[in-house]
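Down below is the structure, laid out as structure tokens.
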Amino acid sequence: MALDERSFFNEKFETKPMSLTCPKCKHPDTYQVRWVVRTKKDRIPGGADERDRAKFAKSFSYMYRIDDEVNCSRCRRRFEIPSQKSMVPL
């Protein structure tokens with residue numbers, strides 16, 4: 001049976017500051033955005049077959065953003081975080 005991709009990584013949650021500008025009131029500010037950091041394990045888990053070994057060899061550490069929207073600190077409206085920064089390789 002094939003292993004799940006999550007078994008190749010250690011996961012932890014982090015909060016990082018991100019500078020964003022509200023599209024409605026044009027107020028720039030720094031917001032705390034939540035991320036999941038997936039760090040590749042140093043060796044493959046037991047019970048892996050050849051397909052899992054190939055997937056593990058190609059995998060890499062990365063982090064992806066959990067929050068898609070934030071509230072403006074001035075006008076209190078919700079706005080979407082630009083999607084070009086949703087996943088970052090480590």
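Read the figures in this text as sums done on the coordinates, not as results from a lab. All values reported here derive from a predicted model rather than from experimental measurement. Counting neighbours? That spans all protein chains shown, and the Cβs are built from the backbone with ideal geometry, glycine included.
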(request) Would you work out which of Ser19, Pro82, Val37 lies farthest towards the positive end of the dipole of the chain, given +1 charges on the beta-carbon of Lys and Arg and -1 on that of Asp and Glu, about the Cα centre? (result) Ser19
(request) Using only alpha carbon pairs under 8 Å that are at least six residues apart, calculate the relative contact order of the chain and give it in whole percent. (result) 28 percent
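Taking region 25-90, how many lysine pairs are there with alpha carbons less than 13 Å apart, if each pair must be eight or more places apart or span two chains? Each step should come with its number before you reach the end.
Numbers: Lys40/Lys55; Lys40/Lys58; Lys41/Lys55; Lys41/Lys58.
Lysine pairs meeting the criterion: 4.
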(message) With P(r) over Cα pairs in 10 Å bins from 0, in percent as the read-out, I listed (i) 16, 49, 31, 4; (ii) 15, 36, 23, 16, 9, 1; (iii) 17, 53, 27, 3; which label goes with the value calculated from this structure?
(response) (ii)
